[in-house]
1. Please go through the stretch 87-103 and give me each residue that is in contact with a Leu (Cβ under 6 Å, 6 or more places away or on another chain) and either buried (at least 23 other Cβ atoms within 10 Å of the Cβ) or farther than 30 Å from residue 350 by Cα (or both), ordered by number.
2. Would you confirm, using the coordinates I've provided, whether residue 108 is among the hydrophobic types (A, V, I, L, M, F, W, C) and under 17 Å from residue 291 (Cβ atoms)?
3. Identify all residues within the stretch 100-150 that are modelled with pLDDT of 95 or more and hydroxyl-bearing (Ser, Thr, Tyr); write none if there are none.
4. Return the only residue of 267, 247 being among the charged types (D, E, K, R), under 17 Å from the mean Cα position of the chain (by Cα) and assigned to a loop (DSSP other than H, G, I, E, B).
5. Within the stretch 56-86, can you find the residues that are over 21 Å from residue 151 (Cβ atoms) and surrounded by fewer than 18 Cβ atoms within 10 Å (Cβ to Cβ)?
6. Can residue 52 be described as surrounded by fewer than 20 Cβ atoms within 10 Å (Cβ to Cβ), under 18 Å from residue 295 (Cα atoms) and not polar (S, T, N, Q)?
7. Yes or no: the stretch 338-350 includes at least one residue that is assigned to a loop (DSSP other than H, G, I, E, B) and in contact (Cβ under 8 Å) with a residue 12 or more places away in the chain.
8. Determine which member of the set 12, 29 is under 15 Å from residue 87 (Cα atoms) and modelled with pLDDT of 95 or more.
Amino acid sequence: MVKLHWEKIFVAGYEEVFHVTCPEEGFSAALAIHTMFDGRSLGGTRVIHYEDFDQALRDALRLSRAMTYKSVMAGGAFGGAKSVVMLGPGQRVTERLLEVFAQAVNELEGRYICAEDSGLTLDHMALLRKYTPHVVGVVSEDSSGNPSRFTAWTTFLGVRAACEALYESTSIRGKKVAIQGLGAVGMLFADLLFWHGADLIVTDLREEALKKAVLDFDATVVLPDEIYDIECDIFAPCALGGVLSKETIPRLKADIVCGCANNQLLEKEDAQLLHERDILYVPDYIANSGGLINVNLEKVLARYSAKVAREETDEVFERLREVFFLARKEKISPAEAADHIVEERIFNLTSA
């Protein structure tokens, strides 16, 4: 056990926000609980390099709010949260770092349940499970393991729902899809698209991922900055967030935006920019909700069932139909329509 220093930060609209440090261990983290339902929240743990704590805090606040919206839209049992562990120059993820983070999670006494996010692997999650029970998405008899396939599946359903709304057909055969990022989820998403007849254009910072995409999917490779200018039917952000902005949106030559990345819009107003350009945006917190739906079931079922998870994730298609219908009816963007639905549900949950 180490001595953790907890600095509570007041942020309007958030249940609890903390800066947690342990200088002797080189540990610094931002932990944001946006909402709690029945005294619990759930959200991923991001362990990457940040320029400073303010940048890490902004990420935690933004992502925890998105987790609330994702959870409510998905019918989840938990509120939204996010933890962001800062890595210093040359610092790597070690078992000791994870042990210290697990102690912080334990000191919250179940108010926060963590899951995998950027910078962590299944092996890291297994190490976390050694030190805290408040973790989901690990490989064990009572857990679902890596939730990436469920996230890829709901993102794929998002593409089909958008095609139905725009082209009056769920088929993606012959559609050109530009994929930005081929991580664990992005590669699975690309696989689903390939087997359903899409033509793939891809970019990634890792040469091995690009080689795999060329071999497995006969994909066309472009440079990272070129992906915005590609003529395609669907642009799929599958890397980090904030890629859709007033600088990049005018460059897009796509009919649909649907990807598995979190917080794809740099600013909330960017959804309106897409709408004004007649680009159908699939709200990211619905498209990529499969992983959350899956790990949520670890805590609400007596025993985890992949079949139940499949049935629950299939419902994302109908949720998007509801969003697109409301957007057309009210002549607003799908992002605004989705937020209206979520905010009404939050009001009903908190006022009951």
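The values are calculated or read from the model by the stated rules, or taken from the named source; none is laboratory data. Please read these numbers as outputs of a predicted model, since none were measured by experiment. With ideal geometry, Cβ positions are generated from the backbone for all residues, glycine too; neighbour counts draw on all protein chains shown.
1. The answer is 95, 98.
2. When the stated conditions are applied, residue 108 does not pass them.
3. 112, 131, 132
4. The unique qualifying residue is 267.
5. 58
6. It is false that residue 52 is surrounded by fewer than 20 Cβ atoms within 10 Å (Cβ to Cβ), under 18 Å from residue 295 (Cα atoms) and not polar (S, T, N, Q).
7. The answer is no, given that none of the residues of the stretch 338-350 is assigned to a loop (DSSP other than H, G, I, E, B) and in contact (Cβ under 8 Å) with a residue 12 or more places away in the chain.
8. Just one listed residue meets the conditions, 29.
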